[in-house]
Structures are given as structure tokens and as C-alpha cells.
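Notes to accompany the following structure.
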Amino acid sequence: MREREVSPLPREARPYQRRRAGLVTRMVAAGIDGLVVGLVLLGCYGALVVLLLLIDPRNFSFPDFGLLFSIASAFVVLVVYQTLGWWLVGRTYGGVVMGLRVVDHRGRRPRLPGAFVRALLSAAFPIGILWVVVSRQNRSVADALLRTSVVYDWQPEDRPHHAPR
Amino acid sequence: MRCCDHRSSRRRCGRRPPLAALTRSGEARREALAAEVEARLDAVVPVVVDEVLRRTDLTDLVLRHVDLDRVVSTVDVDAVVERVDLPAVVQRVDVDQVVERVDLDAVAARLDLDAVAARLDVDAVAARLDVDAVLDRVDLTAVVLHRVDLHAIVQAVLARLDLVALAAEVIDGVDLPEIIRESTGSMASDTVRGVRMQGIAADEALSRAVDRLLLRRGDRTTQAPEHQREPKRADSSR
């Protein structure tokens, strides 16, 4: 018996599922991810402040880590966040909001090394995302190098894909 | 004596009184003897005939010595039949009793029904049938309800039906997901949906604009590779 799945997706969104996303959507998702990373850094900084306040309230002063350390911290947090997101569920929070998913050349979730390298490339060379608008396959530089894709996928879970009806 | 037994002879001979008495006596004697012979024959002949018939196979005798065809040919059968009151004969026949005596099973067993059926023009018989009239007289609903195994039929029909596909088509036709979304949807999901669709529209517009700028022809190939099933991965435990 032929297996058919009832799509919970809106009818107008179905034709776009599993197609590579364009620049605007990916930029919005990246912006949301940037906000998440900023919030994480802010949370860590706040937690450190509270900790220092508790340890030595008299000599307490807001710590200043300098620009380089801050950038390095943001870089690390961003790489770890994106690696875990793409490896574990195929998407970061920005991807969840915008309905995007990262898949490898077989259409599956990236493996841990692939997710890590992609996160590293994306964080080190963020301008590479602009290649999406030039590429005929809507691929960024990291996608082109690692043969990955960022696709529209509004399904909440990474389930076997069926052609949109 | 003999010539005087007759009247003509008597005239010729001429009667004389002594002879007259003798003639009368002879006549009486002759009549008595004739009666006696007749009585004895009546007694003897039936016995003799019985004995002869008993010792003789008369049927065989007739069959051997009588030309029956010739005899029958002289019989006017039509006249015989005309004289027979057939209705009366038939009325006197107890048909029920006759039928009771007939062993119909034996008769049927001797019938070559295959040969009879082979000679039967079934098409002609069927053409003469008024099927509508037959159906009008048959309570088909009752026949189906009592004689047909509806459960088996329903099971067979269900086995042939792709119920999942049918249900999916129905749901697709009424767009059940849209109804569910409308009945349970929240502002947040509507907003997210709107943002996503606007993002997709912006992506398409930007891609078209760039393609036009780069003088490209044809659509972009944006279909990503598909996977049918998520396999258990070795590195998932790492």
C-alpha cells in the first residue's frame, strides 16, 4: 500500500520545502543567531559579575576583558552553538524561527566534524554568506566548500521528506 | 329306406301304410339320436378343446402359422379408433396411480442430460426470458442480506482500498491542516508563518534581481538532495 503523508504545512509553503534558501531568509536567521550568541555572552558576563560580587563585594568592579577577548569569546560561543545546533537537530534557533535546516550532500543532518568545520568557516568568514545571492544553487562559500545546503524545512522534525503536494 | 326319407322320394316311391309307420319310427329314432349326439358333443368337445389347448402353445402356433401382418392389414384401424371412446378411457385411468408406479429416478438416470443440454439453445431461452419481470418478483435485498457473506465482501473491498491514500486525499481536499491551524493557531505561529513567507518572497525577488543583473537565463537549481530515512549514526554517541 502506498504510503502518503498528510502535510501539516500551509499550502503556499509546500512548493518551497527542501529548496535551498535565499540570502534574505538566511541573513535574518543569522541575525537571530547573532542575538542568541550576544545574549549568551551577556548571560555569562552577568553570571561572572554576580560571582565576583559574591566573592569579594568590597573590591568589586565590572571586569573588562578587552575587545580581542570579547571577540574571541563570541567566536567560540558562536562556533560551539552552531556546531551543536547543526549536528544535533540540523538547525540553530535562527533556523527554527525562519524554517531553515542545514543538510549535507546526501540531504541528511551534518555529522559532527562537518558541522564543526562549517561553523568554523561561517564564523571566520561570515561575508561568505553573500555568495548565496550570486550562486546559481543558492550556496554560500561554506556550502560550496563542504557541499552542504541550507534548505527551507518548516517541518519541526527531521523526517523523511516527501514531495510537496 | 333312404330314398323314402324325403318327400319327393316318397312321392316317387309312393307311400304305403306299412312303410309310413316305419318312416315315423325312423324319424323319431333319428331325432333322438341327433339329440343324444348333440348332448354328448356338448360334454366332450369342451373337455377335448381344453385338453388340446393345454397341450398346445397356441401363441407359438399362431406366430408360426398365421400371417399376422396380413391379418392386421385387413383390420380397419381407423374404424376401430373411431368406435373407441377415448375420453371415457382416459377418464377411467387413474393418472396419479400410474405416476406413483413410475420410478422417475430410474427414468432420469437413463436420460442423457448432457446430450439434451447440448441440443438446448440456451441463448434462445435466455432471449425469451423477461429478466425484469423475474427481478421484480425476487426480493434481491433479502437475498443479499441472507445469502451473501457481507462481512467477507466488505473485507475484500477494504483489502483492495488504499484507505490511507483515500484519507490523505480527503484531508488534502478539505485542507485539514489549514482548518486545524485556523482553529488552534496563535498569533505567534501566524507571525512566524508570515515572516517566513515574506522571507521566501524576498529571497526570490533578490535572486531574480541578481540573475537579471548578471544577465542569467533560466531558473536557479535550488532543489536540495533528498533523504528517505534518517539512519542510526555511529557518531551520534560521541
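Here is how the numbers come out for the structure above:
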{"read-out": "About the Cα centre, charge dipole magnitude for segment B:7-120 (Lys/Arg +1, Asp/Glu -1 at Cβ), debye", "value": "2120"}
{"read-out": "Given charges at beta-carbon only (K, R positive; D, E negative), |dipole| of chain A in Debye", "value": "980"}
{"read-out": "Formal net charge of residues neighbouring residue B:35 (Cβ-Cβ distance under 14 Å; K, R +1; D, E -1)", "value": "-2"}
{"read-out": "MRE, 222 nm, helices only [DSSP H, n ≥ 4, -39500 (n - 2.57), over the protein assembly as shown, to nearest 500]", "value": "-20000 deg cm²/dmol"}
{"read-out": "Neighbourhood charge, 15 Å Cβ-Cβ cut-off, centred on residue B:86 and excluding it, Lys, Arg +1 and Asp, Glu -1", "value": "-1"}
{"read-out": "Relative contact order of segment A:31-152, pairs being alpha-carbon contacts under 8 Å that are 6 or more residues apart, as %", "value": "23"}
{"read-out": "Charge dipole (debye, nearest 20) of segment B:59-139; +1 at Cβ of Lys and Arg, -1 at Cβ of Asp and Glu", "value": "380"}
{"read-out": "Environment charge at residue A:85 (Cβ cut-off 12 Å; Lys +1, Arg +1, Asp -1, Glu -1)", "value": "+3"}
{"read-out": "Residues residue B:110 and residue B:149, FRET efficiency given R0 of 41 Å [Cβ-Cβ distance, rounded to 0.05]", "value": "0.55"}
{"read-out": "Residue (of B:118, B:97, B:17) at the positive-pole extreme of segment B:7-120, dipole from beta-carbon charges", "value": "B:17"}
{"read-out": "Unit charges at the beta carbon, dipole of segment A:1-101: most positive-side option, A:74, A:84, A:35", "value": "A:84"}
{"read-out": "Ranked packing of A:30-39, A:130-139, B:80-89, most packed first, by mean Cβ within 10 Å", "value": "A:130-139, A:30-39, B:80-89"}
{"read-out": "Shape metrics for segment B:7-120, restricted to C-alpha atoms - Rg then Dmax, Å", "value": "32.0, 102"}
{"read-out": "Hz values of 3J(HN,Hα) by residue in segment B:115-127 - Karplus curve (6.51, -1.76, 1.60), Gly and Pro given as x", "value": "5, 4, 5, 5, 7, 7, 8, 5, 4, 5, 4, 5, 5"}
{"read-out": "Diffusion constant of chain A at 4 °C, which comes from Stokes-Einstein with the Kirkwood Cα-pair radius and 1.567 mPa s, µm²/s", "value": "74"}
{"read-out": "Distance between segment A:86-114 and segment B:118-135 - C-alpha centres, whole angstrom", "value": "74"}
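We did not get these values from a lab; they are worked out from the coordinates using the rules stated. Bear in mind that the values here come from a model prediction, so they are computed numbers and not experimental data. In this analysis, Cβ positions are derived from the backbone assuming ideal geometry, glycine residues included, and neighbour counts consider all displayed protein chains.
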